[in-house]
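All remarks here apply to the structure that follows.
The values are calculated or read from the model by the stated rules, or taken from the named source; none is laboratory data. Since we're looking at a predicted model, the values are computed, not measured. FYI the Cβ positions are ideal-geometry reconstructions off the backbone, even for glycines, and counts take in every protein chain you see. These area figures cover heavy atoms from the full protein model, side chains too; ligands, DNA and RNA do not enter into them. Shrake-Rupley method; radii C 1.70, N 1.55, O 1.52, S 1.80 Å.
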Amino acid sequence: MTRIAGVPAEDEAAASAVLPDGGRPVLDAGVVAQLREVLAEGALPGATDTAAVPKETLTAWVDLLGEVEKVKHTVAAVQARVAVALDEATRASEEKQGIRKERRGRGVPSQVGAVMGLSPNAAASFLGDARVWVQQMPCTFEALRVGALSEWRARIMVRETSHLSAEHRRMIDELVCGDLRALAGLGGKRLTARVNELAARLDVHACVKRLAKAESERCVSVRPAPDLMVYLTALVPMKQGIQAYAQLKAHADAVKGTGDERSGGQIMADTLIERVTGRNKADQVPVTVNLLVSDETLLAGGQAPGVLLEGSAAGVGAVPAQVARELVAAGVDADAAWLRAIYADPQGRLLATTSVGRFFPDGIMSLLRARQHGVCASPYCDAPIRHADHVVPHGDGGATSLGNGQGLCVRCNHAKQAPGWSQSVLPPDDPEARGRHAVETVTPTGHRYLSVAPEPPRPVRSSPVHRGRHPRSDRGSLSCASAPGPISRPRRRLRRRRAGRGVDLAWALPPDRKP
């Protein structure tokens, strides 16, 4: 009987069920789980005392590293084959159901992403590459399957041949990956150069068109970075980018020569911002800050962190309590700080708000974004919220309410409309909900995934309420925007009162609302 190394003897019966004599092994999740357990729990060969390890043991460790790395590549090939099979089967099933061609299979990336721990966008990228490996580049797929080619280098093969015809793609696939020995020692840059050289020989017109298309896609983007920083990226033609960098570098060197204490990189970054915004100094640039913070942190000296919501210049992420207070104080000093109260129950959950309309009004949409910190509610998806979605569809009787609402990105909202998907809201007392808004998603294959909203900032409950100083104890999260530009009309406006060098943040209550 055929056996897989690593399967315990007591599981021989289970192994024989999937490994018949004389046949190819049948992939089974249970057997793969056993192999994974062997890898995870197995002890290192040889000595355990790293202070005195013989050469033979070191050699065994290096061999083990190499084999495990090959296993990673083989696993990627298996995942690619399974993902493509799932996609093809789903499309065939939806074709029989009469679904339009452009809508078939659009839920597959979300299924693949959920089970692989990827965002739907990353899963769609993997699925696209996998489809090319399996259907158009057999040599690349074989090299990945046997562990001779990494997943990253296999993706380079797809990327650098994307502009070629299927025939030329297969030719390059065979020339580059047909001989597995030639792949040894071939890094990503050399692989890219080799593929580009062959592509230029086979179809020079396609290469010229690719360069023209690349120039047409020039753009500027921004994405969050750690520690309240952002990556401001410009995708421009090479000659323009090199010239811009050279100008910034020359300016930085000149400024450093005058005794400026900033580093060259700091001067280049500040100069870029000053020239783009037209300001004399980079730190004078106005900024919009969307801050989710509890009243205890803002007004009572609490230490719970705030959250910068998606869509602000600082991106997404938690900020220390003191930083949150300083952001608001800066807005107060500029006479541009506003507060909008978001009410919470004693557990910190946002109170339900309903609407009789089909579409979510702006107020509920703001609450959805605040509840999810501006990030799509789907598991592993880091995309910003773009759609306010009914968990239970409106056509099935779902209410246009905060409880039945969730914020999703465009891809995730479209994916859940594919056949076989269903969602429901768990009751607040469900142990898995942990007292927060929780949505259970069931995919067409019956797999279950849970999405639980982040814990909101906690409101003040124990401290006494003073006239004009603190909000009511049931008032929870606060959304603050500071900017010279247009912002939504607030319910409350901060008053500032100076006491020495400090800033006192107080509530201005209307005459008809006494504490």
| query | Pick from the range 70-81 the residues that are in contact with a Leu (Cβ under 8 Å, 6 or more places away or on another chain) and either among the hydroxyl-bearing types (Ser, Thr, Tyr) or within 10 Å of Ala130 (Cβ to Cβ) (or both): which of them is surrounded by the fewest Cβ atoms within 10 Å (Cβ to Cβ)? | reply | Thr74
| said: I'd like to verify a number: residues in the range 201-250 that are within 30 Å of Pro320 (Cα to Cα) and among the charged types (D, E, K, R), how many? | reply: 2
| field | Test set (1) assigned to a loop (DSSP other than H, G, I, E, B); (2) open to solvent by 50 Å² or more (accessible area, probe 1.4 Å) - Ala418 fails condition number | value | (2)
| message | Being open to solvent by 40 Å² or more (accessible area, probe 1.4 Å), closer than 28 Å to Asp382 by Cα and part of a loop (DSSP other than H, G, I, E, B) is the requirement here; does Ser125 meet it? | response | no
| Pairs where the first residue, in the range 49-78, is in contact (Cβ under 8 Å) with a residue 40 or more places away in the chain and more than 20 Å from Leu183 (Cα to Cα) and the second is among the small types (Gly, Ala, Ser) and assigned to a helix (DSSP H, G or I), C-beta under 6 Å, 6+ apart | none
| Identify, please: which residue in the range 135-153 is of a type in the set (A, V, I, L, M, F, W, C) and not in a helix (DSSP H, G or I) and is, among those, most open to solvent (accessible area, probe 1.4 Å)? | Val146
| field | Tabulated pairs, the range 424-439, first among the small types (Gly, Ala, Ser), second open to solvent by less than 50 Å² (accessible area, probe 1.4 Å) and assigned to a loop (DSSP other than H, G, I, E, B), C-beta under 6 angstrom, 6+ apart or interchain | value | Ala433/Leu426; Ala438/Leu426
| task | Could you look through the range 32-69, keep only residues that are aliphatic (A, V, I, L, M) and touching a Leu at 6+ places or on another chain (Cβ under 8 Å), and pick out the one that is modelled with the lowest pLDDT? | result | Leu44
| remark: Exactly one of Gly403, Gly435, Gly395 is open to solvent by 60 Å² or more (accessible area, probe 1.4 Å) and farther than 27 Å from Val112 by Cβ, and that residue is Gly395
| task | Output the number of residues of the range 196-236 satisfying the condition of being in a strand (DSSP E or B) and open to solvent by less than 80 Å² (accessible area, probe 1.4 Å). | result | 7
| message | Need the failing condition index for Asp173 against (1) within 21 Å of Lys239 (Cβ to Cβ); (2) surrounded by 11 or more Cβ atoms within 10 Å (Cβ to Cβ); (3) under 32 Å from the mean Cα position of the chain (by Cα), just the number. | response | (1)
| field | Matching residues, the range 251-267, being open to solvent by less than 60 Å² (accessible area, probe 1.4 Å) and over 30 Å from the mean Cα position of the chain (by Cα) | value | Ala252, Val255, Gly259, Asp260, Ser263, Gly264, Ile267
| query | Taking the range 94-118, which residues are part of a helix (DSSP H, G or I), of a type outside the set (A, V, I, L, M, F, W, C) and over 18 Å from Arg131 (Cα atoms)? | reply | Glu94, Glu95, Lys96
| note | Residue hits (the range 154-167; outside any loop (DSSP other than H, G, I, E, B) and open to solvent by 40 Å² or more (accessible area, probe 1.4 Å)) are Arg155, Arg159, Ala166, Glu167
| note | All-but-one check, Pro320 against (1) in contact with a strand residue (DSSP E or B) (Cβ under 6 Å, 6 or more places away or on another chain); (2) modelled with pLDDT under 80; (3) of a type outside the set (A, V, I, L, M), failing number (1)
| Looking only at residues in the range 176-195 that are over 14 Å from Thr140 (Cβ atoms) and charged (D, E, K, R), which one is surrounded by the most Cβ atoms within 10 Å (Cβ to Cβ)? | Arg190
